[in-house]
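A short worksheet on the structure shown next.
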Amino acid sequence: MRKLILLVFCCPLGLLAQDAEAVKQADNYIYDGNTAFDEANNSAAEKNYRRALALDKKVDIAKYNMATTLQQDNYTEEALRAYADVVTTTKERPKKHRSFHNIGNAMMQAKDYKRAVAAYKDALRNNPNDDETRYNYALAKKMLEDEEQNKDKQDNKDKQENQEDQDQNKDQNKEGDQDKEGEDKKDENKDTDDKDENEKDKKGADKDQDKENGKDKDKQPPKAQPTQLSPQQVQNLLEAMSNEEKKVQDKVNAKKVKAAGTKSKKDW
């Protein structure tokens with residue numbers, strides 16, 4: 001039982017000793033990191049800050065210093081994530097103030113004035129007496145106002161240009177419609193002229209045909225007119241026909257008499 005008690009009492013002491021050693025080691029890494037940072041050896045500085053973070057000691061200080069190093073090397077996204085971790089985990093207002101201040105600086109570099117204004121405002125909530133933060137906040141606010149005014153001007157300019165383009169297109173369409181109407185009217189007049197010309201040609205052709213037919217008609221031989229006989233000529237013609245008929249009858253009668261006189265006998 002005594003050994004168990006001893007163990008119970010000894011374990012916390014050992015843990016405290018290990019924890020103190022880890023804290024001391026983290027302090028050493030942070031110190032080395034700060035020294036490298038001052039010497040502009042940001043790569044070595046970042047490496048030492050990460051070693052301190054691996055010990056899970058002095059986390060807020062190590063992470064803030066690492067974020068500052070990353071920001072100086074233009075690793076803005078990683079730096080912002082590190083600052084966000086600091087303002088989330090730390091309970092110390094000075095650390096929150098410095099983290100928000102540096103977030104505002106990063107947003108100013110990115111020309112994201114709206115987020116810069118918000119970051120500086122949060123920094124001032126944690127330290128309203130910092131003159132640099134107040135100046136940066138006023139500058140970011142002024143830049144944001146100018147940006148919004150320029151945006152409004154640009155929007156109005158774009159809107160005006162769009163309206164002018166629409167009016168120009170409308171005028172061009174109107175001119176096009178007028179030109180098309182003129183062309184259609186011209187084509188219609190041309191069709192009418194062509195139709196009149198065709199009718200004129202047709203009438204001319206019909207006239208020529210009628211004229212030609214008239215010529216052909218004139219060229220045709222005159223029809224024979226029936227001969228008109230006088231009464232005396234008709235009488236003479238009848239008498240001639242009667243005489244001819246009498247002669248024919250006399251010849252027929254003579255042949256009959258001859259045949260009757262020459263009848264032959266049969267041989268028995």
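Here the Karplus relation 6.51 cos²θ - 1.76 cosθ + 1.60, evaluated at θ = phi - 60°, turns the backbone of the range 38-46 into coupling constants of 5, 8, 6, 9, 5, 4, 5, 4, 4 Hz, with x for every Gly and Pro. Residues in the range 116-131 carry Karplus couplings, in order, of 5, 4, 5, 5, 5, 5, 5, 5, 5, 5, 8, 7, x, 9, 7, 5 Hz; the curve used is 6.51 cos²θ - 1.76 cosθ + 1.60 with θ = phi - 60°, and Gly or Pro positions show x.
Restricting the GluC sites (Glu not before Pro) of the range 35-86 to loop positions (DSSP other than H, G, I, E, B) with no more than 13 neighbouring Cβ atoms within 10 Å leaves Glu39. Using the structure shown, select from Lys57/Lys111; Lys95/Lys142; Lys24/Lys95 the pairs with a Cα to Cα distance greater than 30 angstrom. Flagged as over cut-off: Lys57/Lys111. Extension gain for the segment Ala138 to Asn243, taken as residue separation times 0.36 nm less the Cα-Cα distance, is 21.8 nm to one decimal. Please give the net charge around Lys157, taking every other residue with its beta carbon less than 14 angstrom from that of Lys157, where Lys and Arg add +1 and Asp and Glu add -1. Neighbour charge sum, excluding Lys157 itself: -3. Look at Ile30, Ile103 and count the other Cβ atoms within 10 Å of each Cβ; fewest to most, that gives Ile30, Ile103. Arranged from fewest to most other beta-carbon atoms within 10 Å of their beta carbon, Lys251, Lys95 become Lys251, Lys95. For the range 21-61, applying the loop criterion from DSSP together with a ceiling of 15 other beta carbons within 10 Å to the trypsin sites (Lys or Arg not before Pro) yields no site. The calculated FRET efficiency for Ala17 paired with Arg93, based on their beta-carbon distance and R0 = 25 Å, is about 0.20.
The numbers here are math on the coordinates, done by the rules we state, and not lab data. Nothing here was measured: the structure is a model prediction, and the numbers come from that model. A quick note on method: Cβ atoms are made from the backbone with ideal geometry, for glycine too, and the neighbour counts reach across all protein chains shown.
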